[in-house]
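Reviewing the structure listed below.
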Amino acid sequence: MARIAYVNGRYVRRDMGVVSIDDRGYQFAEGVYEVIWVQKGNLVDLEHHLDRLGCSLESLNIPWPMGRPALKVVVGEVARRNLIGNGHVYIQATRGVARRTHLVPEDTPSSLVVTASREGFRDARVHEQGVAVITIPDIRWKRCDIKSIALLPNILGKQKASREKAFDAWQVNGHDIITEGTTTNAWIVAHSGEVITHPANRSILSGITRRVVMELAAGEGLDVCERPFTVAEACGAKEAFMTSTTNYVVPVVSIDGHKVGDGRPGPVTSGLYKRYLAHMAGEQEGEGE
Ligand code: PMP
């Protein structure tokens, strides 16, 4: 079956999808994106993702490529045409096509590409055994809250992690604070039981999974706190974990080779993972009603 992409107004075979070499996404990385998990054909937390897309677009002065209701139709249609049971939809909107110069004419229409990929559930071992992370300097710009397609520091970090047989790299700022992973938000559970993650300011991407997990944790009666934490605090924490749309809740059992807790996924992390799976399933039931 041919995979189908939506490219600037048309549904095309994915391998035939073409954008201009003058697209400013290609020339300047002037664009934003979203990744939305699809479970049993339903788009998980779609509205949150579209809200964040709107914030990212606004921050870069890129107009919506189409109205929000129309975009929802396109996203659903791309998932449907690719027969996505479980997997993800990818939305990329860029500033559009213009002569290559820094200043763009105000009336340039933005470009839109929507693709979808089937994906299995994450390897259960990741959640049962936990994963290792390394730390790296956070060399990114001061607007990490924008979900921009300019991802070079994240890519370099992920490559380094992979070479060192780690799952991800946690980025550390000049004050020894862990901001976030390269594709994930970072969390620790203190010995007091406090569940801690970096505040959603301009130093991190405000993850949708982060937001949902915060709500789930609070709903469980856990003490959730948005505050910075250091590498030393993370290494000495009771538990650590990370969150993202495509990885859900992943236990972190080692940081730079230091064992976290007893080196196994802890009960808070495992509990939140289960709650998050239920949340994804709940979305699905809710939408079917
Ligand atoms: N931080 C970064 C840098 C990311 O790239 C991602 C995933 N796109 C996240 C955090 C997690 O965000 P979400 O939960 O919305 O997938």
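Here are the numbers for the structure shown:
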item	result
Any hit, segment 202-218, residues being within 21 Å of the chain's Cα centre (by Cα), at pLDDT 95 or above and part of a strand (DSSP E or B)	no
Failed condition for Glu283, given (1) modelled with pLDDT under 95; (2) assigned to a loop (DSSP other than H, G, I, E, B)	(2)
Looking only at segment 59-85, and only at residues there that are away from the ligand (no atom under 16 Å from the Cβ) and either outside the structural domain of Val97 (by TED's automatic domain parsing) or among the polar types (S, T, N, Q) (or both), the one that is most open to solvent (accessible area, probe 1.4 Å)	Asn61
Scan of segment 180-208 for residues that are within 19 Å of Val253 (Cβ to Cβ), touching a helix residue (DSSP H, G or I) at 6+ places or on another chain (Cβ under 7 Å) and within 13 Å of the ligand (Cβ to nearest atom), ordered by number	Thr182, Thr183, Asn185, Thr197
Val213 vs. criteria within 13 Å of the ligand (Cβ to nearest atom) and assigned by TED's automatic domain parsing to the domain that holds Arg275	yes
Selection count where residues are within 16 Å of the ligand (Cβ to nearest atom) and within 23 Å of Gly282 (Cα to Cα), scope segment 28-52	16
Residue satisfying all of: in segment 99-132; in contact with a strand residue (DSSP E or B) (Cβ under 9 Å, 6 or more places away or on another chain) and among the small types (Gly, Ala, Ser); most open to solvent (accessible area, probe 1.4 Å) among these	Gly120
Complete set of residues in segment 225-250 that are within 16 Å of the ligand (Cβ to nearest atom), in contact with a helix residue (DSSP H, G or I) (Cβ under 7 Å, 6 or more places away or on another chain) and within 16 Å of Gly271 (Cβ to Cβ)	Ala240, Phe241, Thr243, Tyr248, Val249, Val250
In segment 142-161, the residues that are within 22 Å of Ile208 (Cα to Cα) and of a type in the set (D, E, K, R)	Lys142, Arg143, Asp145, Lys147, Lys158
Selection from segment 40-58 of residues that are open to solvent by 50 Å² or more (accessible area, probe 1.4 Å) and touching a residue at least 60 places away in the same chain (Cβ under 8 Å)	Lys40, Cys55
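Condition check ((1) within 18 Å of Ile134 (Cβ to Cβ); (2) free of Cβ contacts under 8 Å to residues at least 60 places away in the same chain) across all residues:
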position: Thr182; (1), (2): yes, yes
position: Asn185; (1), (2): yes, yes
position: His191; (1), (2): no, yes
position: Leu205; (1), (2): no, no
position: Gly219; (1), (2): no, yes
position: Asp223; (1), (2): no, yes
position: Phe229; (1), (2): yes, yes
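The values are calculated or read from the model by the stated rules, or taken from the named source; none is laboratory data. Computed from a predicted model, the values in this text were never measured in an experiment. With ideal geometry, Cβ positions are generated from the backbone for all residues, glycine too; neighbour counts draw on all protein chains shown. Only protein heavy atoms, including side chains, enter the accessible area calculation; ligands, DNA and RNA are left aside. Shrake-Rupley method; radii C 1.70, N 1.55, O 1.52, S 1.80 Å.
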